[in-house]
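Notes follow once the structure below has been shown.
The values are calculated or read from the model by the stated rules, or taken from the named source; none is laboratory data. The shown structure was predicted, so the numbers you read here are calculated from the model rather than taken from an experiment. With ideal geometry, Cβ positions are generated from the backbone for all residues, glycine too; neighbour counts draw on all protein chains shown.
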Amino acid sequence: MRSLPDGLPERVTVVEVGPRDGLQNEARPVATDDKVELIARLAQAGVRSFEATAFVSPKAVPQMADAAEVVARARARTDAELTALVPNPKGAERTAEAGIDGMVVFVSASESHNAKNVNRSVADSLAGFEGVAAVARDAGIPVHGAIATAFGCPFEGEVPAAQVVRIAEAMWGLGIRRITLGDTTGMATPPLVEQRCQALRAALPDLEIALHFHNTRGIGLVNAMTGLRQGVTRYESSIGGLGGCPFAPEATGNIATEDLVYLLDELGVASGVDLQALIDTAPLAQRAVGHGLAAQVSKAGPRLKRFAMDSVRTAAQ
């Protein structure tokens, strides 16, 4: 891929995870109509890849109880890539029936978070992926991987890079060629992002790395910038900064899609996503969840937004 003068990639893919990661932690049920409309509006804005839902137990994550309906109705309104989180072979069968474009298997890099998140050991989760991969293979659906707490665990603290690499190698052995590193509780820092990317590339040179940052400690976009300098070209974000993990304490939202696209636009990195259309869509997300959102650009507008002189009072002398 041709690079910009400062070494940044010329183009990246923005993956919208608002319909899944963005909504899973909401206490108030979000209407299926709103989820489908959100996907359709974001697709119209130029988003070409979505993590649309999760085929998980409704008891564990009630917001995802309408997974099959969301996929079916969204598919009727967009030809964008729709993927879904899949925890086990049973979920994989439901996902295949729904006509999804890709299955995402997920495991935490730390034993403690994996126990809370899916009530299994890391080894058991990895072993279970074989069944998911078999179902996906029979259905002709690609499987992608996601490693949560890849930059630190709220229960254990530091997570060794070697542990992340070991899990990625196990996924690679199942035929998984794209893996997302998830910053589940906003513990990533630029040095950790650089370290993880370089360690994975050393072990698995042909692996496609994606990055998923939360803005818990205010440096989500700084971490994305570090990823760009490492040549990563796939980033997950959520409209309005929606998000959080129901199985991690004090987890806050993802980096906001409109904030990420604003950064990319100002850097000259193409994403194919229209910033103003994202800004116009953010109120829909806010109405759907019934509370304010953390994104900045949808509040302030783009850098060169102009105001009429008579709209602002003049200071008294």
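Cβ-Cβ distance below 9 Å, separation of 6 or more or different chains: which pairs start in the range 122-141 with a residue that is more than 12 Å from residue 103 (Cα to Cα) and end on one that is in a helix (DSSP H, G or I) and among the polar types (S, T, N, Q)?
Between residues of the range 122-141 that are more than 12 Å from residue 103 (Cα to Cα) and residues that are in a helix (DSSP H, G or I) and among the polar types (S, T, N, Q), the close pairs are 122/114; 122/163; 124/114; 125/114.
In the range 24-77, how many residues are under 21 Å from residue 276 (Cβ atoms) and of a type in the set (Gly, Ala, Ser)?
5
What is the number of the single condition among (1) touching a Phe, Trp or Tyr at 6+ places or on another chain (Cβ under 9 Å); (2) of a type in the set (A, V, I, L, M, F, W, C); (3) surrounded by 21 or more Cβ atoms within 10 Å (Cβ to Cβ) that residue 282 does not meet?
Of the numbered conditions (1) touching a Phe, Trp or Tyr at 6+ places or on another chain (Cβ under 9 Å); (2) of a type in the set (A, V, I, L, M, F, W, C); (3) surrounded by 21 or more Cβ atoms within 10 Å (Cβ to Cβ), the odd one out for residue 282 is (1).
What helices (runs of 4 or more DSSP H) lie completely within the range 85-182 and have 3 or more residues being of a type in the set (D, E, K, R)? Give the steps one after another, and end with the answer.
Working: elements: 89-98, 111-118, 122-139, 161-173.
In the range 85-182, the matching helices (runs of 4 or more DSSP H) lie at 89-98, 122-139.
Can you report the number of residues in the range 266-311 which are assigned to a helix (DSSP H, G or I), under 27 Å from residue 234 (Cβ atoms) and of a type in the set (A, V, I, L, M, F, W, C)?
Count: 12.
Against the condition surrounded by fewer than 24 Cβ atoms within 10 Å (Cβ to Cβ), over 30 Å from residue 111 (Cβ atoms), of a type outside the set (A, V, I, L, M) and touching a strand residue (DSSP E or B) at 6+ places or on another chain (Cβ under 7 Å), how does residue 257 come out, does it pass? Write out each step before concluding.
Values: surrounded by fewer than 24 Cβ atoms within 10 Å (Cβ to Cβ): no; over 30 Å from residue 111 (Cβ atoms): yes; of a type outside the set (A, V, I, L, M): yes; touching a strand residue (DSSP E or B) at 6+ places or on another chain (Cβ under 7 Å): yes.
Considered against the rule, which asks whether it is surrounded by fewer than 24 Cβ atoms within 10 Å (Cβ to Cβ), over 30 Å from residue 111 (Cβ atoms), of a type outside the set (A, V, I, L, M) and touching a strand residue (DSSP E or B) at 6+ places or on another chain (Cβ under 7 Å), residue 257 comes out as no.
Report yes if some residue within the range 27-42 is part of a loop (DSSP other than H, G, I, E, B) and closer than 25 Å to residue 181 by Cβ; otherwise report no.
Let us first name the residues in the range 27-42 that are part of a loop (DSSP other than H, G, I, E, B), namely 27-31.
Okay, now just the ones that are also closer than 25 Å to residue 181 by Cβ, so none.
No, every residue in the range 27-42 fails to be part of a loop (DSSP other than H, G, I, E, B) and closer than 25 Å to residue 181 by Cβ.
Modelled with pLDDT of 95 or more, hydroxyl-bearing (Ser, Thr, Tyr) and in contact with a Lys or Arg (Cβ under 8 Å, 6 or more places away or on another chain) - does that describe any residue in the range 53-75?
There is at least one residue in the range 53-75 that is modelled with pLDDT of 95 or more, hydroxyl-bearing (Ser, Thr, Tyr) and in contact with a Lys or Arg (Cβ under 8 Å, 6 or more places away or on another chain).
Taking the stated definitions as given, is residue 260 in contact with an Asp or Glu (Cβ under 8 Å, 6 or more places away or on another chain) and in a helix (DSSP H, G or I)? Please lay out each step first, then the result.
Values: in contact with an Asp or Glu (Cβ under 8 Å, 6 or more places away or on another chain): no; in a helix (DSSP H, G or I): yes.
When the stated conditions are applied, residue 260 does not pass them.
Taking interchain pairs and intrachain pairs at least six residues apart, which have beta carbon atoms under 8 angstrom, with the first residue in the range 31-51 and farther than 20 Å from residue 11 by Cβ and among the hydroxyl-bearing types (Ser, Thr, Tyr) and the second modelled with pLDDT of 95 or more and in a helix (DSSP H, G or I)?
Note: pairs meeting the criteria are 32/69; 32/70; 32/73.
Checking residue 143 against (1) within 26 Å of residue 26 (Cα to Cα); (2) surrounded by 21 or more Cβ atoms within 10 Å (Cβ to Cβ); (3) not hydroxyl-bearing (Ser, Thr, Tyr), only one condition comes out false. Which one?
With respect to (1) within 26 Å of residue 26 (Cα to Cα); (2) surrounded by 21 or more Cβ atoms within 10 Å (Cβ to Cβ); (3) not hydroxyl-bearing (Ser, Thr, Tyr), residue 143 is out only on (1).
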